[in-house]
Amino acid sequence: MPKIGFKDEELKKLVAKMKMAAFMCKGVGLAANQLGSSWPVFVFQTNNEWKTAINPALTILDETKVLASEGCLSIPGKEFPVFRASKVRLEYIDIFGNEHDEEYEGWDARIVQHEWDHLNGTVVIDRFAELTESLNNGTQSESGD
């Protein structure tokens, strides 16, 4: 993904638009490419606080997979069961240019992975298809291995 600067006024406008769109649609996250931008940015809500992740890098910290249903603003009104890692690290720059290195578990880890997927061209239906295929082949265990 291309890196971007955090002082760009166009970026600030995009982030405000992303937060408003996610909020209005009762979402907990939104990636820039869902609104037609190729910038590596997503917004997400954790502990009732909206955060902006610019130039994010995601690392899986716990390979244990957890199955849960996810919705997606790109596919309104639908939910899909998806396996996600239980714990991740997210490194990013916020809208003010501050660097962050944070760990997320549970639902917050799921949100971060979902938005990260969007930036990498994967939507929740792709993860659901992977699950369906692995179940059909008998390769998915309860732990997600």
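For segment 103-127, a tally of residues being touching a Phe, Trp or Tyr at 6+ places or on another chain (Cβ under 6 Å) and β-branched (Val, Ile, Thr) returns 3.
In segment 35-49, which residue that is of a type outside the set (S, T, N, Q) and crowded, with 16+ Cβ neighbours inside 10 Å is farthest from ASP94 (Cα to Cα)? Result: TRP39.
If you go through segment 120-129 and pick out every residue that is assigned to a helix (DSSP H, G or I), surrounded by fewer than 21 Cβ atoms within 10 Å (Cβ to Cβ) and in contact (Cβ under 8 Å) with a residue 12 or more places away in the chain, you end up with 3. Kindly evaluate LEU58 against the criterion of being touching a helix residue (DSSP H, G or I) at 6+ places or on another chain (Cβ under 9 Å) and buried (at least 19 other Cβ atoms within 10 Å of the Cβ). Criteria met by LEU58.
Whether any residue in segment 79-98 is out of contact with any His (no Cβ under 6 Å at 6 or more places or on another chain), surrounded by 13 or more Cβ atoms within 10 Å (Cβ to Cβ) and without any contact (Cβ under 8 Å) to a residue 24 or more places away in the chain is what I want to check. Yes, segment 79-98 contains at least one residue that is out of contact with any His (no Cβ under 6 Å at 6 or more places or on another chain), surrounded by 13 or more Cβ atoms within 10 Å (Cβ to Cβ) and without any contact (Cβ under 8 Å) to a residue 24 or more places away in the chain. Does segment 122-133 contain any residue that is hydrophobic (A, V, I, L, M, F, W, C), modelled with pLDDT of 95 or more and either farther than 14 Å from VAL28 by Cα or within 14 Å of the chain's Cα centre (by Cα) (or both)? The answer is no, given that none of the residues of segment 122-133 is hydrophobic (A, V, I, L, M, F, W, C), modelled with pLDDT of 95 or more and either farther than 14 Å from VAL28 by Cα or within 14 Å of the chain's Cα centre (by Cα) (or both). Scanning segment 21-34 for residues that are surrounded by 15 or more Cβ atoms within 10 Å (Cβ to Cβ) and not in a strand (DSSP E or B) gives ALA21, ALA22, GLY27, VAL28, ALA32, ASN33, GLN34. Checking each residue in segment 41-83 for being within 13 Å of GLY29 (Cβ to Cβ) and basic (Lys, Arg) picks out only LYS51. Looking at (1) more than 14 Å from LYS51 (Cβ to Cβ); (2) surrounded by 14 or more Cβ atoms within 10 Å (Cβ to Cβ), find the lone condition where SER69 falls short. It fails just one condition, (2). Residues considered: ALA32, ALA85. Of these, the only one that is touching a strand residue (DSSP E or B) at 6+ places or on another chain (Cβ under 7 Å) and closer than 19 Å to LEU14 by Cβ is ALA32.
The values are calculated or read from the model by the stated rules, or taken from the named source; none is laboratory data. Computed from a predicted structure; not experimentally measured. Note: ideal-geometry Cβ built from the backbone for every residue, glycine included; neighbour counts use all protein chains shown.
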